[in-house]
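Colleague: If you scroll down you'll find the structure; I have some questions about it.
The values are calculated or read from the model by the stated rules, or taken from the named source; none is laboratory data. Predicted, not measured: the structure shown is a model, and the values here were computed from it. Methodologically, a virtual Cβ is constructed for each residue, glycine included, from the backbone with ideal geometry; neighbour enumeration extends over all protein chains shown. Each accessible area value is taken on the protein alone, full model and side chains, heavy atoms only, with ligands, DNA and RNA left out. Shrake-Rupley method; radii C 1.70, N 1.55, O 1.52, S 1.80 Å.
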Amino acid sequence: MSELNTPAALVVWGGFVLAFLFGAIANKTNFCTMGAISDIVNMEHWGRMRMWLLTIAIAVLGANLLYYVGWIDLSKSVYQRPILPWLSLLLGGFLFGVGMTIAAGCTNKNLVRLGGGSLRSLVVLVFLSISAYMTLKGLFGHWRVSYLDPIAIDMARWNLSSQGVPQIVSKLTGLSEKSALLTCSLVVGLGLMGFALKDRRFRANLPQVAGGATLGLLIVAAWYLTGHIGHGENPDTLETVYFATNTRTLESMSFVAPTAYSLELLMLWSDKTLRVTFGIATVAGVVLGSFAYAVSTRQFRWEGFASLEDLRTQLVGAVLMGFGGVTAIGCTIGQGLSGISTLALGSFIALAGIISGAVVTMKWQQR
C-alpha cells in the first residue's frame, strides 16, 4: 500500500483540505464568534450570530445523523467522557471569552488573520501556543490538574456511560437511547436553524447562509474523516485505533491545543516520535486557506501592532486564551461547534462560559 494511502495519511491530508476550505470561507464571510457576540452587545445586530447558529445547527444534525446510522461513535470523543469537570469547563471557557475579547478575536480568527497578513496575529498565536502547551504539560497544567479538574461530576453515579444530553434524556424519560438521540438532535438542530433563518435579511444574505451551512458541513466531514475513514486496525499492534489524532480518538475542528502541538513539532522537528496529526494539519490548513483567499482577492495586507498598549493587551489575551482553551477542552470552534455537535453537556457549559466571559469583558470595555 502506498504510504499516501494509509489511514493516517488520509486523515492528515483530508484534515488539511477541510481546514483549507474552512479558512477560505471564514475569511470571505468574516466568520467570527467574538465578532458575532460584539455585534449583539454593541449594535444589537444578529447577522453574524445567525450565521454561527446556522453552522452549529448543520453540525449537530450532520454529526448525529452519522452517529445514528453507526458510521461514527461520538460517545468515544473527548467531549463525551463520563467525568464532567464542570469547574474547568466553566472557568476555562470564561477566561477564553475574556481573552478572545481583549485580543479582538479567537484562535480561529487569529489563524485567519495570519493568512491575511497579520503579523500581530502571529505574535498572538505564538504566545497562545506557549500558554496552551504550559496548560497541557507545564506549570499551568499542574494548576489545572491539581485544583480545577478534580472538581467534577462522575456521570457513572447515575448509571450513565457518557455526558451526552441524549443519554441523560433517555435516562429521565425512558426513551430508548436511539430515540433520545434522534429527538435531541432534531430539537436542537432544527430549533437553531429555524431561529437563524426566520430573519428575512439574513435569508437574503446568500454568502452568510451558504457560508454558515458549508462550515457546518466541514465540521461533520471532519468527524467522518477521523471517526470512520481514520478508524481501523493498526497493522503493527492489530488493535482497532483512531489514526493520526492527538487525543487518540475521533476529532473534529479545534484549534487551541493543536496550535501547541504545532509549535512543539516545529521546535522538536528531529524527534522521530512526533508526527503531523489531524489537528496540526488543520491549523496549517486554515492559515493557508485564508492566505489563498486573501491573495486571490487582493486583500492580503501586512498588519502590525498599533501601539505598545495594543501589544500588551493582545499578549494578555493570548495567554488567557491558551490557558482557558485547554482547560475548557476547546475554544469557540472546538467546543462551540465540534463539542456542541456531539450534544455533550460539558460543551454547553464551556460555551456558556465563553459567551459570559466575552459579554462581561465587552460591557467592561464600554464603561
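Colleague: Output wanted: per-residue J couplings in Hz (rounded whole) for the stretch 40-55, from phi through Karplus 6.51 cos²θ - 1.76 cosθ + 1.60, θ = phi - 60°, x for Gly and Pro.
Modeller: Whole-Hz 3J(HN,Hα) from phi for the stretch 40-55: 6, 5, 8, 10, 6, 10, 9, x, 5, 5, 5, 5, 5, 5, 5, 4.
Colleague: Using DSSP to call loops (not H, G, I, E or B), can you name the chymotrypsin sites (Phe, Trp or Tyr not before Pro) in the stretch 223-281 whose Cβ has at most 11 other Cβ atoms within 10 angstrom?
Modeller: Passing both the DSSP loop test and the Cβ count: Trp269.
Colleague: Rank Ser341, Ser88, Ser161 by mean-square fluctuation in a GNM of the chain with C-alpha springs under 10 angstrom and give only the top-ranked residue.
Modeller: Highest fluctuation among the options: Ser161.
Colleague: Which loop-located trypsin sites (Lys or Arg not before Pro) does the stretch 198-269 contain, where loop means any DSSP state but H, G, I, E or B and the Cβ has at most 15 other Cβ atoms within 10 Å?
Modeller: The qualifying sites are Lys198, Arg248.
Colleague: Quantify, in whole percent, the carbon and sulfur part of the accessible surface of the chain (1.4 Å probe; protein heavy atoms only).
Modeller: About 65 percent, which is the carbon plus sulfur part of the accessible surface.
Colleague: Taking θ as phi - 60°, what are the ³J(HN,Hα) couplings along the stretch 239-255 by the Karplus curve (6.51, -1.76, 1.60), each to the nearest whole Hz, with x for Gly and Pro?
Modeller: In residue order, the calculated couplings are 8, 7, 9, 9, 7, 6, 10, 5, 8, 6, 8, 5, 9, 10, 5, 6, 10 Hz.
Colleague: What list of ³J(HN,Hα) couplings, whole Hz, do you get for the stretch 270-285 from phi and the Karplus terms 6.51, -1.76, 1.60, once you set θ to phi - 60° and write x for glycine and proline?
Modeller: 7, 6, 6, 7, 8, 9, 5, 10, 4, x, 5, 5, 6, 4, 5, x
Colleague: Candidates [x] 26, 43, 20, 10, 1; [y] 30, 61, 9, 0; [z] 27, 50, 21, 1; which is the computed P(r) over Cα pairs in 20 Å bins from 0, in percent?
Modeller: Entry [y].
Colleague: Scan the chain and report its longest stretch carrying no GluC sites (Glu not before Pro) that are both in a DSSP loop and have at most 15 other Cβ atoms within 10 Å.
Modeller: 45-238
Colleague: Connecting C-alpha atoms closer than 10 Å in a GNM of the chain, tell me which of Gly336, Gly227, Gly174 has the biggest fluctuation.
Modeller: Of the options given, Gly174 has the highest mean-square fluctuation.
Colleague: Express the accessible area of the chain per residue in Å², computed with a 1.4 Å probe while the remaining protein chains stay in the model.
Modeller: So the chain comes to 45 Å² accessible per residue, rounded to a whole number.
Colleague: For Leu84, what residues show an amide H to amide H distance below 5 Å, using hydrogens built from the backbone and excluding near sequence neighbours?
Modeller: Those lying under 5 Å, H to H, from Leu84 are Ile153, Asp154, Met155.
Colleague: Between the stretch 246-263 and the stretch 120-178, how far is it from one alpha carbon centroid to the other, in angstrom?
Modeller: Centre-to-centre distance over Cα atoms comes out at 14 Å.
Colleague: Now a separate question. Hey, can you grab everything whose amide H is under 5 Å from the amide H of Ala344? Only 5+ residues off in sequence or another chain; H modelled, so Pro and N-termini drop out.
Modeller: The answer is Val165.
Colleague: I want to make sure I understand the PRE zone here: with the label point 7 angstrom from the Cα of Trp71 toward its beta carbon, which residues in the stretch 196-233 have backbone N atoms less than 18 Å away?
Modeller: 213-232
Colleague: Further question on the same structure: How much length would be gained if the chain were fully extended between Arg367 and Asn30, taking 0.36 nm per residue of separation minus their Cα-Cα distance, in nm to one decimal?
Modeller: Extra length available between Arg367 and Asn30 comes to 118.7 nm.
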